[in-house]
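So the structure is just underneath, and the comments pick up after that.
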Amino acid sequence: MRVALLTSANGWRGSGASFAKLARGLGDRGHTAHLVTAAERLTSRLVAMELPVTEIPGRNTGPREVLALVKVLRRIGADALMVDTPRDVRLAAYATLLRPARIVYRYNLNYRRPRNDLMDRAYLRRVSACVYQSWYIQEDAIAHAPWMRRIRGFRIPNGYDVRRYAPRPEEGRAFRGRYGIRSDARVVLTTAKLTRNKGHEVAIVALGQLHNSGTPLVYLVCGDGGREPELRALARSVGLPAVFTGLLDPVEIIAALAAADLVVHPSLNEIFPNAVGEAMACARPVVAADAGGTAELLGRDGDTGLLVPPGDAAALATAVRELLADSERRDRLGEAARRRIEAEFPLGRMIDGYEAALRAVIQ
């Protein structure tokens, strides 16, 4: 199969990371999988990973963008074009009029008000199949656009490479040394882009309360984004020691996870969060907001991680306090979380799912 993977993502996490995994996995199985991007930051990251990628101009759906995409489709002889935003659906709909290929819509969260006009319905009529990463996002999609029930659907959760994402205590100790974090410090980690919907301010308030009430800890924040000055100022205002690392590459993310005593994921809405899956694969105990599809990954029984209400700083503080006080429970949760990833969400199963879905729409 020959597949183009188009994403408008402007950063690494989320769809950029998932599309990179998909491109690598399909390529390893002998298929052509070519990434198409619209942001230099993501393009450079994919190039560094030695993945095939072409950056097309801009983030609009005008003639220039359409023709640039058509050229890529022609060059690789694409059988299918996978997209993951409403903008990309529109661009794909126009481009495949000039160079036919099956459109597969990997449905993503849309933070803008849903558009339900006739043109949007026309674009979606050109979609051969939708991929949903969780039950939550499938229900969300149909709630926004009920006619999407008529589009063939596949539910394919994200998968994780448990050979790469694994406990690495020596790397964790080295990471602490590089960032000046004491070996005996309690470290709570969040890996997420620094945007408002990720809920960092909830974690800062909760952890600040804990630190000031006698639970000494350091908040390790891995990710970049426009909110960094605001979040740094908030951490200072509540007296919370915090280390902001900026965007890390996957090797450093694994080391950061190894350096952490536990991971908090306070995001206010998620489809199926890579940050949580990676932490679980690394056998880190996780406390996450029960938002969107997070529980489908982490589990609801409390044996593989803890869920708290989204936006509830008090509940988050309580869960973190209990875990920091109980190292044996942290270890049990982390080990059970890794087993859950190995059994339910291995990377190979994710690639199997996409391979089967693409074959089904191409044939």
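Being charged (D, E, K, R), under 30 Å from Leu240 (Cβ atoms) and at pLDDT 95 or above narrows it down to one residue among Arg186, Arg196; which is it?
Among Arg186, Arg196, only Arg186 is charged (D, E, K, R), under 30 Å from Leu240 (Cβ atoms) and at pLDDT 95 or above.
Check Gln138 against each of (1) of a type outside the set (Phe, Trp, Tyr); (2) outside any helix (DSSP H, G or I); (3) surrounded by 19 or more Cβ atoms within 10 Å (Cβ to Cβ) and name the one condition it does not meet.
(2)
Just to verify a result, which residue in the stretch 202-225, among those that are in a loop (DSSP other than H, G, I, E, B) and under 25 Å from the mean Cα position of the chain (by Cα), is nearest to Ala325 (Cα to Cα)?
Here the answer is Asp224.
Please go through the stretch 226-248 and give me each residue that is without any contact (Cβ under 8 Å) to a residue 60 or more places away in the chain and in a loop (DSSP other than H, G, I, E, B), ordered by number.
Across the stretch 226-248, the qualifying residues are Gly226, Arg227, Val238, Gly239, Leu240, Pro241, Leu248.
Each row is one residue, and each column tells you yes or no for (1) in the same structural domain as Ile351 (by TED's automatic domain parsing); (2) among the hydroxyl-bearing types (Ser, Thr, Tyr); (3) over 28 Å from Ile142 (Cα atoms).
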position	(1), (2), (3)
Leu51	yes, no, yes
Arg59	yes, no, no
Leu67	yes, no, yes
Lys71	yes, no, yes
Thr85	yes, yes, no
Asp88	yes, no, no
Pro100	yes, no, no
Arg106	yes, no, no
Leu109	yes, no, no
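Among the residues of the stretch 271-295, write down those that are among the acidic types (Asp, Glu) and in contact (Cβ under 8 Å) with a residue 40 or more places away in the chain.
Glu278
Pick from Leu109, Leu207, Leu124: which is of a type in the set (A, V, I, L, M), surrounded by 15 or more Cβ atoms within 10 Å (Cβ to Cβ) and at pLDDT 95 or above?
Going through Leu109, Leu207, Leu124 in turn, just one is of a type in the set (A, V, I, L, M), surrounded by 15 or more Cβ atoms within 10 Å (Cβ to Cβ) and at pLDDT 95 or above: Leu207.
Report, by residue number, each residue of the stretch 141-172 that is part of a helix (DSSP H, G or I), under 26 Å from the mean Cα position of the chain (by Cα) and of a type in the set (Lys, Arg).
Arg149
The values are calculated or read from the model by the stated rules, or taken from the named source; none is laboratory data. The shown structure was predicted, so the numbers you read here are calculated from the model rather than taken from an experiment. Cβ coordinates were reconstructed from backbone atoms using ideal geometry, including for glycine residues, and neighbour counts include every protein chain displayed.
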